[in-house]
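Read the structure below first, then the notes.
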Amino acid sequence: MGLLTTLETRHGRIDLPAFFPDATRAVVRTLDAQDLEACGVQGLIVNTFHLAYAPGIGLLKSQGGVHPFMSWKRPIISDSGGFQAMSMVRENARYGRISDRGITFTNVDVQGGKKLKLTPEKCVQMQFDLRTDIVMCLDDCPSPDAGPEEVTASVQRTVSWARRCKDEFERQCEIREAGERHPLLFGIIQGGYNMRMRWESAEALIEIGFDGYGFGGWPLDQEGELAESTLEYTARLMPDGLPKYALGVGNPDAVIRCAGWGYDLFDCVLPTRDARHRRLYVFEPDQDPFAYSFLYIGDDRFKRDGRPVSELCDCLCCARYSRSYLHHLFEIGDALAQRLATIHNLRFYVQLMERLRQLS
């Protein structure tokens, strides 16, 4: 477990470890703010790149930021958009290019069809416009199959961008946040699966100095398994006493392992996406507090099952409705099915975090 038990932000305290559901476009699909609060969700993560696409950073700034826009009063992390460079630009050059200056996205419908230029400075400015609680540095995320030269260039660029992000962050704090509590700025450690490059990345970022550090890159190895040695080593490189963020880690088993290595923060689309595809998480009534199984609510065997999804869950879905009813809702394609299933899976993750905190 990590050394931290809480993290203070300008929108409240986060009890650690914590899982932040993905509200990529300022919404957790099918849920509203009251649903999320009832689940016990402590915070959300939004994506700067996607919000630039719709509704636009300028519109969000005019609304006072993303919090009032989506009626969410708890902490929000804003991802920088660096991962989209890997998943889009590196996979298909028609989507743009990456240079030492920043990332230029083209041939995508961003901001009315215009090019989106994402420099470290612009990335920080946009996140200040969003008024989020944790600002992520723009990073250069290499492809999972990147060779040594590409990984080295990625680390060098990530460190250079992080230094520029820090300079711009301090400038924005002076001109925008005078007399107010500042957001937190996190650096992202890159290096692929190369331990030497991970070390070089971490050392350079620690020298610059940030409020927290994230694991950057793909958290799975080339066989699709959790990149355990890379994740564990990177956690050891991060300073103790500051939050350690495992970006994109969301499988319950992976979360448990990473929490044991000292990671404090997690985010992933997995629980909400699984819910929409009828895969639910259920704790087992076992002596092991982390034993769980999957319940595939679309199976015919649940057609007449009058029990709740889980006897150990107190969410709206389990407190009021049966497996039979949820099965029926999915069968007829009613939107309530996805809402109830998403509520249940997020409540499972909140309970998972609570159980992890009991060990610390």
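Points to keep in mind about this one:
- Of all residues in the range 137-147, those that are more than 17 Å from Gly212 (Cβ to Cβ), under 21 Å from the mean Cα position of the chain (by Cα) and buried (at least 20 other Cβ atoms within 10 Å of the Cβ) total 3.
- In the range 302-326, the residues that are in contact (Cβ under 8 Å) with a residue 12 or more places away in the chain and over 28 Å from Pro289 (Cβ atoms): Lys303, Arg304, Ser324
- In this entry, Tyr349 is excluded by the filter for residues that are assigned by TED's automatic domain parsing to the domain that holds Gly212 and within 23 Å of the chain's Cα centre (by Cα).
- Residues satisfying the criterion are present in the range 179-195 (criterion: at pLDDT 95 or above, out of contact with any helix residue (DSSP H, G or I) (no Cβ under 8 Å at 6 or more places or on another chain), part of a strand (DSSP E or B) and not charged (D, E, K, R)).
- Test: Ile206 is buried (at least 24 other Cβ atoms within 10 Å of the Cβ) and either within 21 Å of the chain's Cα centre (by Cα) or of a type in the set (A, V, I, L, M) (or both): no
- Any chance Gly212 is in contact (Cβ under 8 Å) with a residue 60 or more places away in the chain and either in contact with a strand residue (DSSP E or B) (Cβ under 6 Å, 6 or more places away or on another chain) or surrounded by fewer than 24 Cβ atoms within 10 Å (Cβ to Cβ) (or both): yes
- Evaluation of Trp261 against (1) of a type outside the set (Ser, Thr, Tyr); (2) touching a residue at least 40 places away in the same chain (Cβ under 8 Å); (3) in contact with a helix residue (DSSP H, G or I) (Cβ under 7 Å, 6 or more places away or on another chain) (one fails), failing number: (2)
- Residue list for the range 148-187, filter: of a type in the set (Gly, Ala, Ser), within 22 Å of Gly248 (Cβ to Cβ) and surrounded by fewer than 18 Cβ atoms within 10 Å (Cβ to Cβ): Ala153
- Condition check for Asp211 on (1) touching a Phe, Trp or Tyr at 6+ places or on another chain (Cβ under 9 Å); (2) of a type in the set (Asp, Glu); (3) farther than 19 Å from Pro243 by Cα: one failure, at (3).
Yes/no per residue for (1) closer than 30 Å to Met70 by Cβ; (2) touching a residue at least 24 places away in the same chain (Cβ under 8 Å); (3) outside the structural domain of His50 (by TED's automatic domain parsing):
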position	(1), (2), (3)
Leu130	yes, yes, no
Asp140	yes, yes, no
Ser143	no, yes, no
Glu149	no, no, no
Ala153	no, no, no
Pro183	yes, yes, no
Gly216	yes, yes, no
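Per-residue answers, yes or no, for (1) among the aromatic types (Phe, Trp, Tyr); (2) under 16 Å from the mean Cα position of the chain (by Cα); (3) part of a helix (DSSP H, G or I); (4) assigned by TED's automatic domain parsing to the domain that holds Asn47:
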| position | (1), (2), (3), (4) |
| --- | --- |
| Gln156 | no, no, yes, yes |
| Val159 | no, no, yes, yes |
| Arg163 | no, no, yes, yes |
| Gln172 | no, no, yes, yes |
| Ser201 | no, no, yes, yes |
| Phe210 | yes, no, no, yes |
| Arg236 | no, no, yes, yes |
| Pro239 | no, no, no, yes |
| Ala254 | no, yes, yes, yes |
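- Strands (runs of 3 or more DSSP E) fully within the range 1-75 counting 2 or more residues that are within 30 Å of Val89 (Cα to Cα) and either in contact (Cβ under 8 Å) with a residue 24 or more places away in the chain or outside the structural domain of Leu184 (by TED's automatic domain parsing) (or both): 18-21, 44-47
- From the list Arg339, Arg301, the lone residue that is surrounded by 12 or more Cβ atoms within 10 Å (Cβ to Cβ) and either part of a helix (DSSP H, G or I) or touching a His at 6+ places or on another chain (Cβ under 9 Å) (or both) is Arg339.
- Some residue of the range 284-295 being on the phi < 0 side of the Ramachandran plot, part of a helix (DSSP H, G or I) and in contact with a strand residue (DSSP E or B) (Cβ under 6 Å, 6 or more places away or on another chain): no
The values are calculated or read from the model by the stated rules, or taken from the named source; none is laboratory data. Since the model is a prediction, treat every value here as computed from it, not as a measurement. All Cβ positions, glycine included, derive from the backbone under ideal geometry; neighbour counts span all protein chains shown.
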